[in-house]
Amino acid sequence: MAQGGWRPTRTGTPATGTPAPCSRCWTTSAWPRPTSSAIPHGGFVAQYFALHHPGRVAGVVLYESAPVTGPEHGAEAQRTVAEFARRNAGRPGLPALQATASISNDDEMTAALRGLMPAYFADYWGREAEFAPLRAAVRGTHISGLDAQLVPDTIDDRAALGALTVPALVVVGRFDVICGVRWAHELADLIPASSLVVLEHSGHFGHLEEPDLFGKAVVDFVTGG
């Protein structure tokens, strides 16, 4: 990965507007109309794909996603991280959460991510023996927030999501500091055929914190249970 940062795009192939990896996956899938499931950046890709190619998916699971990025999303993340810090005042790991140094490469991103990792869980320190190995092993990739013209690359799907025609399941952890409950409610309110599941004892990693409830929500949605 280049040290200057990977620049992702939802569209994959700008000329066609089709997310290239998703398109290849759906073309070769054994399922006629699979259900798309994604988390954070992948959520934006899944939203885009479902909006532009509804005939190729049976539904979409938006897990810890949001309808918008940019300053508004960043301000909400700052607010929820500050709430996390207040709830955990006195914890020895909190100084790492306060780091604000500019990140410009993968090593810096990895260090910052490991410092932030407790904030990704509802109760990291209560389950530290379980989650510490993941924190020690995780690696981060620096992703530029700029597009090819070095302009901030933001997303705002709020005006479009009302036209989403496939069923959607929105899943969020109550204590997620990145794509939290505010955004999950917005997604559920904006998407006509949507349902919302809030994992009450999870942060950003509900599939690890409450795997049975997470798995049941997804299976029930996919199977119509």
Legend entry - Per DSSP, loop GluC sites (Glu not before Pro) in the range 126-225 with at most 15 further Cβ within 10 Å: Glu200
Inset, instruction - Would you mind checking which residues have amide H under 5 Å from Gly59's amide H? H placed 1.01 Å from N; only 5 or more apart, or other chain. - result: Ser36
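Read-outs: derived from the displayed coordinates by stated rules, not from any lab. Computed from a predicted structure; not experimentally measured. When we count neighbours, we look across all protein chains shown, and the Cβ atoms used for this are built from the backbone with ideal geometry, even at glycine.
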